[in-house]
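The values are calculated or read from the model by the stated rules, or taken from the named source; none is laboratory data. No experiment lies behind these values; they were computed from the predicted model shown. Don't worry about glycine lacking a Cβ; one is built from the backbone with ideal geometry, like all the others, and counts go over all protein chains shown. Heads up: the accessible areas ignore ligands, DNA and RNA and are worked out on the full protein's heavy atoms, side chains in. Shrake-Rupley method; radii C 1.70, N 1.55, O 1.52, S 1.80 Å.
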Amino acid sequence: MDWITTVDHKKIAILYLWAGGLFFGIGGLEAILIRIQLIKPMNTFLDAQTFNELITMHGTTMIFLGVMPIIFALMNAVIPLQIGARDVAFPFLNALGFWTFLFGGLLLNLSWVMGGAPDAGWTAYTPLSGTGYSKTHGVDFYTIGLQIAGLGTLIGGINFLATIITMRAPGMSFMRMPMFAWATFITSAIILFAFPAVTVGLVLLTFDRILDANFFNVDGGGNPVLWQHIFWIFGHPEVYILILPAFGIISEVIPTFSRKRLFGYSSMVFATILIAFLGFMVWAHHMFTTGLGPVANALFSVSTMLIAVPTGIKIFNWLFTMWGGQVRFTTPNLFAAGFIPTFTMGGVTGVMLASAPADFQFHDTYFVVAHFHYVIVGGLVLGLFAGLHYWWPKMFGRMLSETLGKWTFWTFIIGFHLTFFVQHFLGLMGMQRRVFTYLPNQQFDTLNLVSTVGAFLMGVGTIIFLTNVILTSRRPAGVPDDPWEDGRTLEWTIPSPPPEYNFKQTPLVRGLDAFWKEKMAGHKAMTPAEPVGSIHMPSPTILPFMMSVGIFIAGLGFMFSRDEFKDSIMSFLFNNYIVTALGLLITFGSMLVRSLYDDHGWHIEPEELEGR
């Protein structure tokens, strides 16, 4: 009950972490099954339908449900501490964001046991995702599940924007914020503008499928290319929603383990803003082959190549930060150092795909699969591993084993390059993506075998990480406030794990890398900006959980509202929208309780603080 009702950002971070770990595991298992099917030509391990369901669910799960919550876990755990805040701006909304995300993800994965998973690819292109080609409820689970999960992400983005704008410690101007806080701020702004677009698209596709609308149906005057525009206006900024937090993590880890201030801090900030701005101007490079014409293709080629400039600035800044520093290759720094060349390779192939004539050849081949996995796995996932190893002692009060951490790094990164490096060549030789088998003697056989072996090695790396987590959790908590000894930012000034109120006294920030500045001045702790006083805390509440349960029930009811049931009671409940109404009643009833019951929270008094 403590976990279901919590509004503490540190506990919500742990909930996000476990939920993300669960979905990441499911997505990884789906990837392994895909690679087993492709290990040899004409393999019969999976049939075509199951393969289509697996590639759809693997992509959807990893992008929306696997890595997003782990990003939000690190944001929740670290951002209030980095800016010197006692909580996020809206603790209730923070809990609601998590529970809506979780129930949306669970609804999507229920499709496996309720009549078949979605099978139209993770991008759900129309008309393939229409009722003509996807006759089961699979795509309905996709549209409604992602709407609910996306609502949680949107709520989280708004919350972090408000937190960073209004709750920074005295003296922490925007240009004194840590880079991870900047990355979170800009990512949240992208979420605010990008997620409504995909929500509109998902609503329209739901109406097409369940209410027989004609937004994307050519027979009824609709336009299937409209779906691609709506999806990619969200879909390309989504790439930056994923990768910018990884940039922020790398920008924290490298300076800490190089004992140097981040090189070119202000250029990093402006490069991040420029990436976010340009990220909304490149969506049609996913659509070069749809016949947009030479003018549109040329414009989107130029804007896509332009976005490589701020990204390149960041790569040089990280290298120059390490240059001449006292570099320690701890596990977090190994992942950060591995991130730089790997992500650079993904960026270079991105510039190749930005050339419209070349893209006509690369499009829908394994070259594209290799490119985006180099960006998302070689970039984001290596960044997340760096962040998890780096902030784990702050979140849980225990250090992960360095030995097992290094084993994780080497098995995962070697497995990653084995898996995806060869896929560039498979693509150039003409292997199509989304094809469940291939004929022998096309020079695909050996490279596919190597790719599958690499995928298993990545799986081994992930298992080693889980082993590390389990073994560490059995040790008593008790690491120092600054376990890496070279912490530069405010989170390393308070106990590990932090108390529920974070800071006994709000710190006074005197410059960039606030804690490092105090250390260099010979101080052991931050100068407080206020005397010890009464601290207001928000009350726990079950309402966010109940609201999310209601949305889940309403989504399930709406999905089956047009079905014919053998049982008359089921027909009555679903066909008359009674299940949908019940779910909405729970949600709006919880909202009403929240509005009418004025909960003032509680206080921790100074005497208690001194006693703790």
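Which ones in segment 100-138 are more than 19 Å from Phe436 (Cβ to Cβ), out of contact with any Gly (no Cβ under 6 Å at 6 or more places or on another chain) and open to solvent by less than 20 Å² (accessible area, probe 1.4 Å)?
Gly105, Thr126, Gly130
Filter segment 557-576 down to residues that are hydroxyl-bearing (Ser, Thr, Tyr) and closer than 27 Å to Gly104 by Cβ and give me whichever is least open to solvent (accessible area, probe 1.4 Å).
Taking segment 557-576 first, the residues hydroxyl-bearing (Ser, Thr, Tyr) are 561, 568, 571.
Of the ones still in play, those that are also closer than 27 Å to Gly104 by Cβ are 561, 571.
Working: Ser561: 5, Ser571: 26 Å².
Selected residue: Ser561.
Got a number for residues in segment 462-509 being small (Gly, Ala, Ser) and closer than 22 Å to Val7 by Cβ? Walk me through it before giving the result.
Step one: filter segment 462-509 for residues small (Gly, Ala, Ser), giving 473, 477-478, 487, 496.
Next cut, closer than 22 Å to Val7 by Cβ only: 496.
Residues meeting the conditions: 1.
Restricting attention to segment 488-528, report how many residues are part of a loop (DSSP other than H, G, I, E, B), among the small types (Gly, Ala, Ser) and touching a Pro at 6+ places or on another chain (Cβ under 8 Å). I'd like the intermediate steps shown before the answer.
We begin by selecting, within segment 488-528, every residue part of a loop (DSSP other than H, G, I, E, B); these are 488-489, 494-506, 508-513, 521-527.
Next, from what is left, pick out any that are among the small types (Gly, Ala, Ser): 496, 511, 521-522, 525.
Adding the requirement that they be touching a Pro at 6+ places or on another chain (Cβ under 8 Å) leaves 496.
Number of matching residues: 1.
Looking only at segment 519-563, how many residues end up being closer than 30 Å to Thr506 by Cα and of a type in the set (Asp, Glu)?
Summing the residues that are closer than 30 Å to Thr506 by Cα and of a type in the set (Asp, Glu) in segment 519-563 gives 1.
Please work out if Ala31 is surrounded by fewer than 24 Cβ atoms within 10 Å (Cβ to Cβ), in a helix (DSSP H, G or I) and touching a Pro at 6+ places or on another chain (Cβ under 7 Å). Give the derivation first.
On the way: surrounded by fewer than 24 Cβ atoms within 10 Å (Cβ to Cβ): yes; in a helix (DSSP H, G or I): yes; touching a Pro at 6+ places or on another chain (Cβ under 7 Å): no.
Taking the combined requirement at face value, the residue does not satisfy it.
Tell me the residue from Leu592, Leu584 that is in a helix (DSSP H, G or I), open to solvent by 80 Å² or more (accessible area, probe 1.4 Å) and at pLDDT 95 or above, please.
On the way: Leu584 fails: open to solvent by 80 Å² or more (accessible area, probe 1.4 Å).
None of the others qualify; the one that does is Leu592.
What's the number of the only condition in (1) surrounded by 22 or more Cβ atoms within 10 Å (Cβ to Cβ); (2) not in a helix (DSSP H, G or I) that Phe257 fails to meet?
Condition (2) is where Phe257 drops out.
Looking for something open to solvent by 60 Å² or more (accessible area, probe 1.4 Å), within 30 Å of Pro255 (Cα to Cα) and assigned to a loop (DSSP other than H, G, I, E, B) - is there at least one such residue anywhere in segment 529-550?
yes
Give the residues of segment 56-81 that are surrounded by 24 or more Cβ atoms within 10 Å (Cβ to Cβ), hydrophobic (A, V, I, L, M, F, W, C) and over 16 Å from Lys394 (Cβ atoms), sorted by residue number.
Within segment 56-81, Met57, Met62, Phe64, Leu65, Val67, Met68, Ile71, Phe72 qualify.
Looking at segment 421-432, can you tell me whether even one residue there is surrounded by 22 or more Cβ atoms within 10 Å (Cβ to Cβ), in contact with a Gly (Cβ under 7 Å, 6 or more places away or on another chain) and on the phi < 0 side of the Ramachandran plot? Walk me through it before giving the result.
Going residue by residue through segment 421-432, those that are surrounded by 22 or more Cβ atoms within 10 Å (Cβ to Cβ) are 423-424, 426-427.
Remaining after also requiring in contact with a Gly (Cβ under 7 Å, 6 or more places away or on another chain): none.
Taking every residue of segment 421-432 in turn, none turns out to be surrounded by 22 or more Cβ atoms within 10 Å (Cβ to Cβ), in contact with a Gly (Cβ under 7 Å, 6 or more places away or on another chain) and on the phi < 0 side of the Ramachandran plot.
Of the conditions (1) on the phi < 0 side of the Ramachandran plot; (2) buried (at least 24 other Cβ atoms within 10 Å of the Cβ); (3) assigned to a loop (DSSP other than H, G, I, E, B), Gly84 clears all except one; give me its number.
Going through (1) on the phi < 0 side of the Ramachandran plot; (2) buried (at least 24 other Cβ atoms within 10 Å of the Cβ); (3) assigned to a loop (DSSP other than H, G, I, E, B) one by one, Gly84 breaks only (1).
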